[in-house]
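One structure below.
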Amino acid sequence: MGSKRRVAKHILQIMLKERKPGQYWVEPFVGGANMIDKVDGPRIGADIHPYLIHLLKAVQSGWVPPTVVTEEMYKQAMQDMTSYAPHLTAFILFCCSFGGKWRGGYARIPKCGTNYARRGSSHLLKQSKSLSGIEFTNCDYRDIHLPPCSLIYCDPPYRGVTVYKGVCKFDSDLFWQWCRDKSAEGHTVFVSEYNAPDDFVCIAEVPMIFRLSGIETKKSVEKLFTLRRR
């Protein structure tokens, strides 16, 4: 849910122009790592979701996800998340859920024959080589270790949009102040969101169309912000 795979090529080039040689690329909301896996050099990817980090570390280490996940397995993982190893639980409850939403309900194979487990496994295996060298860590964005003068790319929970089940409500105002503070400390900060406070400037817009179900679609505009220079 919220993957940046489709917008990465549009906004990466903008941020990479600002990146200095040897500068750390840091993502406090790394999610499915669909942005950081396209970046070279020193990288840190953090996320507050522990199971997500377990999955990324496992794939990074060579784990091969299953191509078949039954509805019974999904129900078992939902009822008792200790039934399977954390990385397998994460794969089941992310990749085999409707819309890729954590614990969002088992995605059954539709008439077109899509096998969600196989599709998720295939994507992760293709991605695995690109994850090499990334330092993954499980923490709140406010607790992340930031090397001096890092380039920070943030893809936080969008204001007014669904967040993960079991994760506390996200305080957007507190987050934007954190961005101001990090910028004042010498870091370069970029944020993906739909809207931002007035002291942030939009430097990129990417129109997107999301398929919700069947023929139902939703249009939106992904935006990239940075703090306005004075």
For this session: Would you mind giving the three semi-axes, in whole Å and largest first, of the ellipsoid equivalent to the chain according to its Cα gyration tensor?
Result: 30, 20, 17
Exercise. For CYS112 and ALA184 in one chain, what is 0.36 nm times their gap in residues minus the Cα-Cα distance, to one decimal in nm?
Worked result: 20.8 nm
For this session: Just the number, please: Stokes-Einstein D of the range 67-147 in µm²/s, Kirkwood Rh from C-alpha pairs, 25 °C, 0.890 mPa s.
Result: 173
For this session: Subtract the Cα-Cα distance of LYS129 and SER220 from 0.36 nm times their separation in residues, and report this length gain in nm to one decimal.
Result: 29.6 nm
For this session: Could you work out how far apart the two model spin labels at ASN138 and CYS202 are, taking each label as a point 7 Å from the Cα in the direction of the beta carbon, and quote it in nm?
Result: 3.7
Exercise. Going through the range 8-88, which GluC sites (Glu not before Pro) have at most 16 other Cβ atoms within 10 Å and a DSSP loop state?
Worked result: GLU18
Exercise. Taking only DSSP H segments of four or more residues, each worth -39500 (n - 2.57), what value at 222 nm results for the chain once the sum is divided by all its residues, to the nearest 500 deg cm²/dmol?
Worked result: -8500 deg cm²/dmol
Seminar exercise, completed: Too long for a 21 Å Cα-Cα cut-off, among LYS17/LYS223; LYS9/LYS101; LYS9/LYS223; LYS75/LYS169; LYS57/LYS126, are LYS9/LYS101; LYS75/LYS169
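Each value in this text was obtained by applying a stated rule to the coordinates, not by laboratory testing. For clarity, every value in this text was computed on a predicted model and none was experimentally measured. When we count neighbours, we look across all protein chains shown, and the Cβ atoms used for this are built from the backbone with ideal geometry, even at glycine.
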